[in-house]
Amino acid sequence: MTKPFSIAIHGGAGVMPRRDMTPEREAGYNVALSRALEPGKAVLSRGGSALDAVTGAVAALEDEPLFNAGRGAVFTREGNQEMDAAIMDGRDRSAGAVAGVSTIRNPIHAARAVMERTEHVLMIGAGAVAIAREAGLVFEDDRYFFTRDRWEALQDTLRMEASGTLDDDPSRRHGTVGAVARDRQGNLAAATSTGGMTAKRSGRVGDSPIIGAGTFADNATCAVSATGDGEAFMRLLVAHEIDARMRLAAATLVQAATAVVMSDLGVIGGSGGLIAVAGDGSMVLPFNSDGMYRAWCIEGRDPETAIY
Ligand code: ASP
């Protein structure tokens, strides 16, 4: 018997503070989220796999310049864009990830190529780009990835750092995109893609491409895609911690994810959130930040979007 599909996506916890959010901007984000949900939903509605659904949804989010991944990625201190992405298949825990890549239009496709075309899980820099070339992926030049807002965010950050007035406006600092899904066969998958943190040092890698930190999927428990202060998510191995509590301590997805995000993360000063789906199709989207760009849909119900 087939099961109703579920899908959730996020556009990162780096949301604009409420005071700066105009109704027009809010509408723009909601439209972008609804648009990005569609390719994933379409795959699932025609009986496709959770893996293809999360790939399609994350690629759509990467193409959307409002979010920090692919086109619209943030800049390093040196003014470059170094992107990270990961994907995981809950059927057998196969996984692929890339870190520190540029010029690849959709880093999530490169992560999937690592999973499907190599014996490795995580590849960086030039080696990762070579796999993307072998897989025939699309490449773009710097002009494609550039957005004025992200460039100004870098300049503002560097200026504030120099004058000792650095604030913690999340919309300037970070962001990420991700998707989790359960298909009609009951299989789970997760995918995450990011430009990382604004003004990061060249070579810095966050939690998104680290399996078990920002991305994880296992049919026996859950699929998770995270967003937030990557260093904190890595130190807690957030996604795998949720899996472990479900597997070893019989916690439900809601219990495990809520405890990790609302309690553990705060203890080490980490801000952010995640989206997760369990083997029974239930979903949870907790965050301890001001907001998280997000959208979700359970088969047979209307899709929903939210920011705060
Ligand atoms: N977690 C991402 C990173 O640390 C950033 C974010 O999600 O906001 O690279």
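The values are calculated or read from the model by the stated rules, or taken from the named source; none is laboratory data. Bear in mind that the values here come from a model prediction, so they are computed numbers and not experimental data. Methodologically, a virtual Cβ is constructed for each residue, glycine included, from the backbone with ideal geometry; neighbour enumeration extends over all protein chains shown. Ligands, DNA and RNA are stripped out before the accessible areas are found, and what is left, the full protein with its side chains, is counted by its heavy atoms. Shrake-Rupley method; radii C 1.70, N 1.55, O 1.52, S 1.80 Å.
Does segment 46-57 include one or more residues that are modelled with pLDDT of 95 or more and charged (D, E, K, R)? Even if it seems obvious, please write down each step before you answer.
Restricting attention to segment 46-57, the residues satisfying the condition of being modelled with pLDDT of 95 or more are 46-57.
When the remaining residues are screened for being charged (D, E, K, R), the result is 46, 52.
Yes, that holds for at least one residue.
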In segment 5-31, the residues that are of a type in the set (S, T, N, Q) and in contact (Cβ under 8 Å) with a residue 24 or more places away in the chain: SER6, ASN30
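Can you tell which of ALA126, ALA135 is modelled with pLDDT under 95 and either surrounded by 13 or more Cβ atoms within 10 Å (Cβ to Cβ) or out of contact with any strand residue (DSSP E or B) (no Cβ under 6 Å at 6 or more places or on another chain) (or both)?
On the way: ALA135 fails: modelled with pLDDT under 95.
On inspection, the qualifying residue turns out to be ALA126.
Give the residues of segment 188-216 that are among the small types (Gly, Ala, Ser) and either within 8 Å of the ligand (Cβ to nearest atom) or crowded, with 24+ Cβ neighbours inside 10 Å (or both), sorted by residue number. Explain how you work it out, then say what you get.
Kept after step one, since they are among the small types (Gly, Ala, Ser), are these residues of segment 188-216: 189-191, 193, 195-196, 199, 202-203, 206, 208, 212-214.
Matches in segment 188-216: ALA189, ALA190, ALA191, SER193, GLY195, GLY196, GLY206, SER208, ALA213, GLY214.
Can we say THR227 is β-branched (Val, Ile, Thr), assigned to a strand (DSSP E or B), near the ligand (Cβ under 7 Å from one of its atoms) and in contact with a Ser or Thr (Cβ under 9 Å, 6 or more places away or on another chain)?
yes
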Residue pairs meeting the criteria (Cβ under 7 Å; at least 6 apart or on separate chains; first over 14 Å from ALA57 (Cα atoms), in segment 188-209; second within 10 Å of the ligand (Cβ to nearest atom) and of a type in the set (Phe, Trp, Tyr)): ASP207/PHE233
Residue list for segment 59-78, filter: among the acidic types (Asp, Glu) and open to solvent by 10 Å² or more (accessible area, probe 1.4 Å): ASP63, GLU64, GLU78
Segment 230-241 - residue that is within 16 Å of ALA97 (Cβ to Cβ) and within 14 Å of the ligand (Cβ to nearest atom) and, of those, most open to solvent (accessible area, probe 1.4 Å): LEU237
Tally, over segment 258-282, of residues that are away from the ligand (no atom under 16 Å from the Cβ) and touching a strand residue (DSSP E or B) at 6+ places or on another chain (Cβ under 8 Å): 6
Residues that are open to solvent by less than 80 Å² (accessible area, probe 1.4 Å) and farther than 11 Å from ARG71 by Cα, drawn from segment 139-150: PHE139
